[in-house]
Amino acid sequence: MSKVNQDEISSILEGYDKEETTIATLGSHTSLHILKGAKKEGFKTAVVCEKGREVPYQRFKVADEYILVDKFSDIVNEEVQQQLRDMNSVVVPHGSFVAYAGLDRIENDFHVPMFGNRDILRWEAERDLERKLIIESGIRMPFKYDNAEDIDRAVMVKFPGARGGKGYFVASSHEEYDEKIASMLKREWIDEDDVPKAHIEEYVSGTNFCVHFFYSVLNDEVEVLGMDSRFESNIDGLVRIPAKDQLEVGLSPSYVITGNHPVVMRESLLPQVFEIGDSLVESAKDLVPPGMNGPFCLQTMCTDNLEIVTFEMSARTDGGTNTFMNGSAYSYLLFDEEMSMGQRIAREIKNGLKEDKLDNLIT
Ligand code: AMP
């Protein structure tokens, strides 16, 4: 099967009525501010939505057009793609779009122009590629263990795919690892197929900052637009119990993400933030051309040595951008207005259209 290539996307764009460009996305994840931001920049908007899930888009009045489907994964069906092209759509990918459409279909069957680099989505989804990109950017990542037998300190154990932390656990020895794998299987949070794919990494003790960057191809500049930290269940509740009671209740911690809150960082840490964002963008240009274009997120822990350690990346708009639908402290500094990630994407598309460089922003 041949991959969707840039020549094909460019010729679809050529056939578009640019004055009528629609910004479209799947109705989930970060679509509210993607659509709202597009409207603020003067675009028409369309949402592809599972029947019965359209209420938020109607009530928040962010979508001009609705493509209702039986299931989210139908966004890659040929009729839906045709409808999107007929509306001169540029699709903005997000975490749910990637999860429901599937990487293979996005790479091979989705013949609709997408904002950003469609090839880089695989690099966030596959841990080895993600690690390669981050390490080759010179960014500090948690140490990775190849075998559970080698566990010699606190480790975090993770499983493939963006699953919002479900099934993750902490262990300090091989025995504890085996016990917890058994308990996750029993709970059906992981299945037998996941076990050989367990990813074991150094547990980084610190505070969580998820940094939302935007790389503007038009300005060749990396912007910091916002930061969030996660609410995680049940660990956040568990730490409210005094240590001696924690031992008695015998609850095991889990790291399921249930929400996000906006944060700001100590100002003296910001040089590190720009350094990691700039480095990632530079190495992505070589490793996955055309690079990390548009929104991306580095999920980090800041240690008590004030070192920022990156444990995960999103190569598209991350769920935490929902904390600044009406702007963040950082987007205010840069734009003097309430700039969301969605609006920033739409502004780049608008400028791309004005400068006749849309082709550089789309794959
Ligand atoms: P993730 O799905 O990778 O974003 O991880 C979910 C949560 O697990 C994070 O928000 C952190 O609280 C925690 N976490 C992930 N990796 C590590 C690590 N290496 N050290 C400490 N905590 C981690």
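Quick note: the coordinates plus some simple rules give every number you see, no bench work behind them. Model, not experiment: these values are computed from the prediction. Every residue, glycine as well, gets a Cβ built from its backbone with ideal geometry; the counts of neighbours run over all protein chains shown.
Along each principal axis, taking the top coordinate minus the bottom one, the Cα set of segment 147-190 gives 26, 20, 14 Å in descending order. Working note: 222 nm ellipticity from helices only, DSSP H runs with n ≥ 4, each -39,500 (n - 2.57), summed and divided by the residues of the chain, gives -9500 deg cm²/dmol to the nearest 500.
If the segment from GLU149 to TYR332 were pulled out straight at 0.36 nm per residue, it would be longer than the present Cα-Cα gap by 61.0 nm. Each peptide in 138-150, 110-122 was scored by the mean count of other Cβ atoms within 10 Å over its residues; highest first, the order is 110-122, 138-150.
When you count the other C-beta atoms within 10 angstrom of each residue and take the mean per peptide, 94-107, 247-260 line up highest first as 94-107, 247-260.
Kirkwood hydrodynamic radius (Cα pairs, Å) of segment 256-363? Computed over segment 256-363, the radius equals 15.6 Å.
Net charge dipole, the chain: roughly 1020 debye, given to the nearest 20, about the Cα centre with Cβ charges of +1 for Lys and Arg and -1 for Asp and Glu. When +1 charges are put on Lys and Arg Cβ atoms and -1 charges on Asp and Glu Cβ atoms, the dipole computed for segment 89-135 relative to its Cα centre reaches about 100 debye. This model, with +1 at the C-beta of Lys and Arg and -1 at the C-beta of Asp and Glu, gives segment 56-190 a dipole about its Cα centre of some 540 debye.
On the principal axes of its alpha-carbon atoms, the chain has extents of 64, 45, 41 Å, going from largest to smallest.
Pairs exceeding 27 Å between alpha-carbon atoms, taken from LYS285/LYS354; LYS3/LYS357; LYS36/LYS71; LYS71/LYS357: LYS71/LYS357.
Which FRET efficiency value, to the nearest 0.05, do you get for ASP356 and LYS285 by plugging their Cβ-Cβ distance into 1/(1 + (r/R0)^6) with R0 = 22 Å? E between ASP356 and LYS285, to the nearest 0.05, is 0.50.
With just the Cα atoms defining each centre, how far is segment 160-216 from segment 19-71? Give it in Å. Measuring centre to centre over Cα atoms gives 33 Å. Starting from the coordinates of the alpha-carbon atoms of segment 22-64, obtain the Kirkwood hydrodynamic radius over all distinct pairs and give the value in Å to one decimal. Its Kirkwood hydrodynamic radius stands at 10.0 Å.
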